[in-house]
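I have placed the structure first, in the form of structure tokens, so that the comments after it can refer back to it.
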Amino acid sequence: MFDVQNLSYQVGRKTLLHNISVQARPGELLAVVGANGAGKSTLLRQLSGDLTPTNGQVRFEGRLLPDTPPAELARRRAVLTQQHSLSLAFRVRELVLMGRYPYFRGQPAAHDHAVVAEALATVGLSPLAERSYPTLSGGEQQRAQLARVLTQVWEAEGGFLLLDEPLTGLDLNHQHHTLDVARALVRRGFGVIAVLHDLNLAAQYADQVLLLRQGRAVAYGTPAAVFTPGLIEHAFDIAVELLPHPTLGHPLIIPCPRPLADARGWASPTR
């Protein structure tokens, strides 16, 4: 479990996170949502250990995160970041195998290659296993990176995936497929923390939601408790309506944007 207590993070005079407290448990998908600049990725970098809190603390499985041995942490949690810079022309299979580095020294075993094959099948990239990674589309690269982090925690009981905007570059089908993979991991007892922009996807797939605004927690709880018109308008500065989904039971969030004015002060035409 990730246990975040009174976490704040400051860069110079600017405070990016203000007194955040949240828990992420195995067997749950926690969605972190909010407007651009709300602090979502900064919070995930605190959980990954890339950043150190100015105040407060992050505990993982009862221990302060800095006290967890790096090798143990590498086998218990994996991080999918927003940006993936890769200058060498690795094959997709070789890239995904990098997720197994915490498990072998020197040469990977047959079991490591088997896990890679399963992860590639899970994300639907088996036919592209021998392709050069730079030749893939942006969405295919994102799926390859997801396969890499899956191999890292494939056997970790109660392991965690930290996903920073995992749907970037994905079409509608693969957006849902990625979140279906996350839900399958949750059913296996994994914990998933995902930064998401689409509130309707968060409402459909998340067990818990943390809603941020300017580095502060606006609300934390179930999607039904967090996704209310008042809280969403406060966090995003846009009015919304909630409609019942005809089959899935969760609310559909419909934005109601105000008309904009162009540079000459004319109101935008309505459609």
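The values are calculated or read from the model by the stated rules, or taken from the named source; none is laboratory data. Just so we're clear, the structure is a prediction, and the values are computed from it rather than from any experiment. We place every Cβ from the backbone using ideal geometry, glycine too, and count neighbours over all the protein chains shown.
Things to note:
- Residue check, Ala38 in a strand (DSSP E or B), of a type in the set (Gly, Ala, Ser) and crowded, with 16+ Cβ neighbours inside 10 Å: no
- Among (1) part of a helix (DSSP H, G or I); (2) at pLDDT 95 or above; (3) aliphatic (A, V, I, L, M); (4) under 19 Å from Leu29 (Cβ atoms) - the single one Ala117 does not satisfy: (4)
- Count - residues of region 103-114 that are in a helix (DSSP H, G or I), touching a helix residue (DSSP H, G or I) at 6+ places or on another chain (Cβ under 9 Å) and surrounded by fewer than 17 Cβ atoms within 10 Å (Cβ to Cβ): 2
- Hits in region 110-136 (condition: over 19 Å from Gln175 (Cβ atoms) and of a type in the set (S, T, N, Q)): Ser126, Ser132, Thr135
- Out of Leu170, Leu196, Leu185, one residue alone is at negative phi, in contact with a helix residue (DSSP H, G or I) (Cβ under 9 Å, 6 or more places away or on another chain) and at pLDDT 95 or above. It is Leu196.
- Region 217-233 - residue that is crowded, with 17+ Cβ neighbours inside 10 Å and small (Gly, Ala, Ser) and, of those, farthest from Leu16 (Cα to Cα): Ala219
- Screening Arg59 with (1) of a type in the set (Lys, Arg); (2) assigned to a helix (DSSP H, G or I); (3) more than 15 Å from the chain's Cα centre (by Cα) gives one miss only, at (2).
- Which numbered condition Ala31 misses (of (1) of a type in the set (A, V, I, L, M, F, W, C); (2) under 27 Å from Val218 (Cβ atoms); (3) in a loop (DSSP other than H, G, I, E, B)): (3)
- Taken over region 216-255, the criterion of being among the polar types (S, T, N, Q) and over 23 Å from the mean Cα position of the chain (by Cα) is satisfied by Thr247 alone.
- Gln214 touching a Gly at 6+ places or on another chain (Cβ under 9 Å) and buried (at least 19 other Cβ atoms within 10 Å of the Cβ): no
- Subset of region 188-202 [in contact (Cβ under 8 Å) with a residue 24 or more places away in the chain and surrounded by fewer than 19 Cβ atoms within 10 Å (Cβ to Cβ)]: Gly189, His197, Asp198, Asn200, Leu201
- Filtering region 46-74 to residues that are basic (Lys, Arg) and buried (at least 16 other Cβ atoms within 10 Å of the Cβ) leaves only Arg59.
- Residue list for region 155-181, filter: crowded, with 21+ Cβ neighbours inside 10 Å, among the hydrophobic types (A, V, I, L, M, F, W, C) and part of a loop (DSSP other than H, G, I, E, B): Leu167
- Residue within region 132-142 that is in contact with a Gly (Cβ under 6 Å, 6 or more places away or on another chain), part of a helix (DSSP H, G or I), surrounded by 14 or more Cβ atoms within 10 Å (Cβ to Cβ) and at pLDDT below 95 present: yes
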